[in-house]
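Notes to accompany the following structure.
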Amino acid sequence: MKEWLRSIPAVHELQNHDEFFNLLNECQLDHSQLTKQLKEILEQVRESILNNQWHGAMPGSNQFIDGLFRTLKTKVNKQFSFTIEKVINATGTILHTNLGRARLSENAIDHVVETARNYSNLEYKLTEGERGSRHSHVEGLLKEITGAEAAMVVNNNASAVYLVLRALAKNKEVIVSRGQLVEIGGSFRISSIMEESGATLKEVGTTNKTHLYDYENAVSPETAMVMKVHTSNFKVVGFTKSVETEELINFTKKLDDVIFYEDLGSGALYDFRKHGIGDEPIVKEIIELGADVVTFSGDKLLGGPQAGIIAGKKEIIDRLKKHQLARVVRVDKMTLAALEGTLIDYARGENAMKNIPVIRDLLVSVNELDERSKVFVTKLLQRTNGFHAKIFHDESQVGGGTMPDVVLPTMVIALKHDSLSAEQLARKLRTESKPAIIARIQKEEFILDLRTVTPEEEDILLEALITVSKS
């Protein structure tokens, strides 16, 4: 053991080795950083020898040194590799929260890259040559698309809800139906956000039934707001009753200094109902009914970056912009660029809207998916011998806590392999493929739904399956 320990090369000797200098150049590391990594590996070798667990080459040998530098290179590459990686989503779930929700349109991506690479007029008026507001870049588009008098953007919809409650109803009462006290992802509850904001929650009605007279009976001199929360992530069915937005707006208008606020959650700007998909209210419709303020997400049905959008009456939005919390929850230039790129497609009209991946993937037809699946399976079986495939009708999900009662008819590919189980196949594609491939397992079959796979990704997926079959 002592001989082996004495045979371990000194750090300064290894620092003079050609491979050390090659790694410095290849990995673009400082000398001290690479030395630190090298020392950690040598310490692990010593520990293994002392514990009689070393099974490698004799320390000091050429084989040992070659292996040492291979280990060093692997360690460095792993430490300085990005942890956020591209994956191929073959699950068919369009707004897959674990996989980053909405993919951005090419227009949005190009705008983000250009904005990130250069200086920009984020808070500068080019015409006047004076300081401007970052709100201005998307406010005009949001006003045009939603019909609102004014709008602003914060970092997510939970922040939007919090800012509205804090700025407009602190130390005052907010009336909400019990059936709308929702919990969103990560155990964030409307009731908890309201408590943190300093507003007082005044629950009305029951879980399944709330009537207009419940709101009427709840109004007091302390009432600042009537709030409606769209139940984006669940549905109550059966013996139910809720008060429609229009009724609540008309009721609120009769009251002095009481705001009607609706949190729309998913924030649909495109009318999916005309395609028979769900019953999500359109932001513009709620604004046109006379809502004082609405909030909604940017990265769900809207199909943009994570953001919380607040739109409504100018007097109210101006108060929110001036509130101290507005700076705390503001968005950066990349988010604004991504949102502006997305909103421009909406402003151009329905044809341009279909450039947005979320809309495109929601509207793709079963016939198209069937044809793509058949072509994919034909190519796969022509180039491999181990796979068995079948195509059948199934259902895709919208995901992201939106349209909980909506299922999208689809065609899926079910794969079985002669020597790999579905679990083994899933693990290999998840851990050995670059990019990683995420799919579903159902009844011991590996399920691919091409709804959320682009044509370019289909080629990558095909090659990955062929590689796995040969390994």
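Against the criterion of being at pLDDT 95 or above and out of contact with any strand residue (DSSP E or B) (no Cβ under 9 Å at 6 or more places or on another chain), Asp394 does not qualify. Considering the range 239-262 alone, what residues qualify as being open to solvent by 10 Å² or more (accessible area, probe 1.4 Å) and within 18 Å of Lys300 (Cα to Cα)? Within the range 239-262, none qualify.
Every condition in (1) at negative phi; (2) in contact with a strand residue (DSSP E or B) (Cβ under 8 Å, 6 or more places away or on another chain); (3) modelled with pLDDT under 95 holds for Val236 except the one numbered (2).
Is it the case, given these coordinates, that Glu458 is of a type in the set (Asp, Glu), touching a residue at least 60 places away in the same chain (Cβ under 8 Å) and surrounded by 14 or more Cβ atoms within 10 Å (Cβ to Cβ)?
Answer is yes for this residue.
Return the total of residues in the range 12-23 being part of a helix (DSSP H, G or I) and either of a type in the set (Asp, Glu) or surrounded by fewer than 12 Cβ atoms within 10 Å (Cβ to Cβ) (or both). Result for the range 12-23: 4. Looking only at residues in the range 61-78 that are loosely packed, with under 15 Cβ neighbours inside 10 Å and farther than 16 Å from Asp18 by Cβ, which one is nearest to the chain's Cα centre (by Cα)? Among those that are loosely packed, with under 15 Cβ neighbours inside 10 Å and farther than 16 Å from Asp18 by Cβ, it is Lys78. When Val328 is tested against (1) under 23 Å from the mean Cα position of the chain (by Cα); (2) surrounded by 15 or more Cβ atoms within 10 Å (Cβ to Cβ), only condition (2) is not met. Taken over the range 249-266, the criterion of being small (Gly, Ala, Ser) and assigned to a loop (DSSP other than H, G, I, E, B) is satisfied by Ser266 alone.
Looking at Ser136, Ser81, Ser105, Ser120, just one residue is closer than 20 Å to Ile310 by Cα and of a type in the set (Ser, Thr, Tyr), and that residue is Ser136.
Of the residues in the range 89-105, at least one is assigned to a helix (DSSP H, G or I), more than 22 Å from Ser7 (Cβ to Cβ), open to solvent by 70 Å² or more (accessible area, probe 1.4 Å) and not hydrophobic (A, V, I, L, M, F, W, C). Entry remark, the range 106-152: residues being of a type in the set (D, E, K, R), touching a strand residue (DSSP E or B) at 6+ places or on another chain (Cβ under 7 Å) and in a helix (DSSP H, G or I) number 2 in total. Suppose we filter Glu26, Glu85 for residues that are assigned to a loop (DSSP other than H, G, I, E, B), open to solvent by 80 Å² or more (accessible area, probe 1.4 Å) and among the charged types (D, E, K, R); which single one remains? From the options Glu26, Glu85, the qualifying one is Glu85.
Among the residues of the range 331-352, the ones that are of a type outside the set (A, V, I, L, M, F, W, C) and open to solvent by less than 40 Å² (accessible area, probe 1.4 Å) come to 6 in all.
Hey, could you check the range 263-280 for residues that are within 24 Å of the chain's Cα centre (by Cα) and over 19 Å from Gly399 (Cβ atoms) and say which is surrounded by the most Cβ atoms within 10 Å (Cβ to Cβ)? By that ranking, first place goes to Asp263. Of Ser191, Ser136, all but one fail to be open to solvent by 20 Å² or more (accessible area, probe 1.4 Å) and under 14 Å from Met227 (Cβ atoms); the exception is Ser191.
What's the total number of residues in the range 212-230 that are part of a loop (DSSP other than H, G, I, E, B) and not hydroxyl-bearing (Ser, Thr, Tyr)? Steps first, please.
From the range 212-230, those part of a loop (DSSP other than H, G, I, E, B) are 219-222, 230; that's our starting set.
Add one more test, that the residue is not hydroxyl-bearing (Ser, Thr, Tyr), and what stays is 219, 221-222, 230.
Residues flagged as part of a loop (DSSP other than H, G, I, E, B) and not hydroxyl-bearing (Ser, Thr, Tyr) within the range 212-230 amount to 4.
The values are calculated or read from the model by the stated rules, or taken from the named source; none is laboratory data. Bear in mind that the values here come from a model prediction, so they are computed numbers and not experimental data. Backbone-built Cβ (ideal geometry, glycine too); neighbour counts: all protein chains shown. Protein only, heavy atoms only, side chains kept; ligands, DNA and RNA dropped before computing areas. Shrake-Rupley method; radii C 1.70, N 1.55, O 1.52, S 1.80 Å.
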